[in-house]
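Have a look at the structure below, then the notes.
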Amino acid sequence: MYQDKTLTCRDCGLDFTFSASEQEFYAEKGFTNEPGRCPECRAARKQQRDGFSRGGNRAPRVMYPATCAACGVETEVPFRPSGDRPVYCRDCFSANRSVRF
Ligand SMILES: [Zn+2]
Ligand SMILES: [Zn+2]
């Protein structure tokens with residue numbers, strides 16, 4: 001009762017097949033819309049969404065590259081290193097704090 005259909009992806013503009021079995025699946029699920037995107041773009045979007053949900057809805061913090069003054073490891077800090085104060089990586093920072101410099 002269903003026939004393969006060729007649709008055009010709205011993201012990449014490529015034609016893709018909306019197969020008879022997919023149409024059946026959509027109908028079973030009660031979806032009335034045809035897919036607007038090819039399987040690759042759908043997968044890409046899903047991955048993006050999953051990535052966002054893992055990171056929460058917070059705006060990404062701007063991080064500045066810095067070198068730890070104690071151990072020399074490359075790190076990132078949430079402020080612009082001014083140069084007149086030493087910058088520590090997370091490990092050294094918490095270590096320093098625990099011994100109360
Ligand atoms: Zn596409
Ligand atoms: Zn360090």
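The values are calculated or read from the model by the stated rules, or taken from the named source; none is laboratory data. Predicted, not measured: the structure shown is a model, and the values here were computed from it. Quick reminder, even Gly has a Cβ in these numbers, built from the backbone with ideal geometry, and neighbours come from all protein chains shown.
Looking only at the range 44-85, count every residue that is assigned to a loop (DSSP other than H, G, I, E, B) and modelled with pLDDT of 90 or more and tell me the total.
Number of matching residues: 6.
For the range 17-30, give me the residue count where each residue is surrounded by 12 or more Cβ atoms within 10 Å (Cβ to Cβ) and not in a helix (DSSP H, G or I).
Final tally of qualifying residues: 3.
Which members of the range 70-98 meet the condition of being small (Gly, Ala, Ser), within 8 Å of ligand 2 (Cβ to nearest atom) and exposed (fewer than 13 other Cβ atoms within 10 Å of the Cβ)?
Gly72
Tally the residues that are closer than 11 Å to Ala66 by Cβ and modelled with pLDDT under 85, restricting the search to the range 86-97.
The qualifying residues number 0.
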